[in-house]
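Here is the structure we will look at, set down as structure tokens.
The values are calculated or read from the model by the stated rules, or taken from the named source; none is laboratory data. Everything numeric in this text was worked out from a predicted model, so none of it was measured. Cβ coordinates were reconstructed from backbone atoms using ideal geometry, including for glycine residues, and neighbour counts include every protein chain displayed. Ligands, DNA and RNA are excluded from the accessible area calculation, which covers all protein heavy atoms including side chains. Shrake-Rupley method; radii C 1.70, N 1.55, O 1.52, S 1.80 Å.
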Amino acid sequence: MAKDNAASPAGQEVRPRRRGRQRYVEKDGRCNVQQGNMRERYRYLTDLFTTLVDLHWRLSLLFFVLAYALTWLFFGAIWWLIAYGRGDLEHLEDTAWTPCVNNLNGFVAAFLFSIETETTIGYGHRVITDQCPEGIVLLLLQAILGSMVNAFMVGCMFVKISQPNKRAATLVFSSHAVVSLRDGRLCLMFRVGDLRSSHIVEASIRAKLIRSRQTMEGEFIPLHQTDLSVGFDTGDDRLFLVSPLVISHEIDAASPFWEASRRALERDDFEIVVILEGMVEATGMTCQARSSYLVDEVLWGHRFTSVLTLEDGFYEVDYASFHQTFEVPTPSCSARELAEAAARLDAHLYWSIPSRLDEKVEEERAKEGAGEGAVGEAGADKEQNGCLPPPESESKV
């Protein structure tokens, strides 16, 4: 069966399209998880403030309007009942009658007086008199409850407006992750950047490998999470995110990709979730940006194109090349096989260097021995020329 080729940007290899895996985290950071069969929904009411903040804007505005409108209607009805119970509505034209609220001649007037009381407008046309103790108690009660409603609803709207969720939209991740050599070791890398000039304070990066696994006892664990080290031990996970940075995960013996070759990686089924956290410089609130990479989005033997250039007095970032990669020579074997090959090479060099040194020492000794023999022959010639009498002549004498 023919396979369609996946379209890819310039500088990236074309790889065959495979059956898509259901993402755990979308590319824009949304978690693709829905809560179902929740029978204890009353727990949402125990934290009503967070529930209202988490609602969609249309529902939040609806609750905001209803909170004020229902409060005004409720107290307006009570003001009308007080006027009706005292008989104020029957003595509207009686100048000698002292009502609870002056100029309150119906429900509409009571509703308007409730709005004026709770919002402290005070137009001066409708006022409470001192001959109505129940009205004074109701006035105090509405003033207190109105302040509580104002504090609660205004607080919800302020927190919802100042939420740093939209700040995460200007924190970008590269569309692909790459695997290539860095300092002689295989590394899994991706790039992060900040589009705003106001920076993220105390930024830190984390990476999780999402992959199902089965235990030795036969238990199946779906979506098992494994940490991918991105420099926690060395402090490289704490970022100074002024310009785009390439985050590197070294594939060593502690990495889950230690025994994964290029072919094995392409046949595998996993998802890498990356999480960038920090405080927004303008507001001081914590912000979190997320993204993920599937198997098809991990390019073996690629490296990111540089986006930083030095201009006249400043550095310039070219975000047009932020997602671009290019191919580099990279072995297709696993990191374990690469390390074993490097170890064998080191062992060969370790044993070959002393043997070569021994050969040089032997050559030098041979040269020295040859030189001493030549000196002895020269001395014998000198003895024969009369410098020293030969031993035979001495015996004859």
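Just one residue in the set Ala96, Ala109 is surrounded by 17 or more Cβ atoms within 10 Å (Cβ to Cβ) and more than 25 Å from Phe152 (Cβ to Cβ); that residue is Ala109.
Only one of the listed residues (Leu45, Leu104, Leu89, Leu73) is over 30 Å from Ile128 (Cα atoms), of a type in the set (A, V, I, L, M, F, W, C) and assigned by the TED database to the domain that holds Val137. That residue is Leu45.
Here is a yes/no grid of residues against (1) in contact (Cβ under 8 Å) with a residue 60 or more places away in the chain; (2) open to solvent by less than 60 Å² (accessible area, probe 1.4 Å); (3) assigned by the TED database to the domain that holds Ala177:
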| residue | (1), (2), (3) |
| --- | --- |
| Val274 | yes, yes, yes |
| Ala282 | yes, no, yes |
| Met285 | yes, no, yes |
| Leu299 | yes, yes, yes |
| His302 | yes, yes, yes |
| Phe314 | no, no, yes |
| Val317 | yes, yes, yes |
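Residue count for the stretch 76-93, restricted to those that are in a loop (DSSP other than H, G, I, E, B) and open to solvent by less than 20 Å² (accessible area, probe 1.4 Å): 1. Yes or no: the stretch 147-162 includes at least one residue that is under 24 Å from Tyr293 (Cα atoms), in contact (Cβ under 8 Å) with a residue 24 or more places away in the chain and in a helix (DSSP H, G or I). Scanning the stretch 147-162, I find no residue that is under 24 Å from Tyr293 (Cα atoms), in contact (Cβ under 8 Å) with a residue 24 or more places away in the chain and in a helix (DSSP H, G or I), so the answer is no. Taking the condition of being open to solvent by 100 Å² or more (accessible area, probe 1.4 Å) and not basic (Lys, Arg), how many residues in the stretch 29-70 meet it? Residues that pass the stated criteria total 11.
Of the residues in the stretch 32-80, how many are in contact (Cβ under 8 Å) with a residue 12 or more places away in the chain and within 30 Å of Leu294 (Cα to Cα)? Residues flagged as in contact (Cβ under 8 Å) with a residue 12 or more places away in the chain and within 30 Å of Leu294 (Cα to Cα) within the stretch 32-80 amount to 0.
In the stretch 226-247, the residues that are in contact (Cβ under 8 Å) with a residue 60 or more places away in the chain and farther than 22 Å from Thr305 by Cβ form no Cβ pair under 6 Å with any partner that is open to solvent by 70 Å² or more (accessible area, probe 1.4 Å) and outside any loop (DSSP other than H, G, I, E, B), whether six or more places apart or across chains. Applying the condition of being in contact (Cβ under 8 Å) with a residue 60 or more places away in the chain and polar (S, T, N, Q) to the stretch 166-186 and asking which residue is most open to solvent (accessible area, probe 1.4 Å) yields Ser175.
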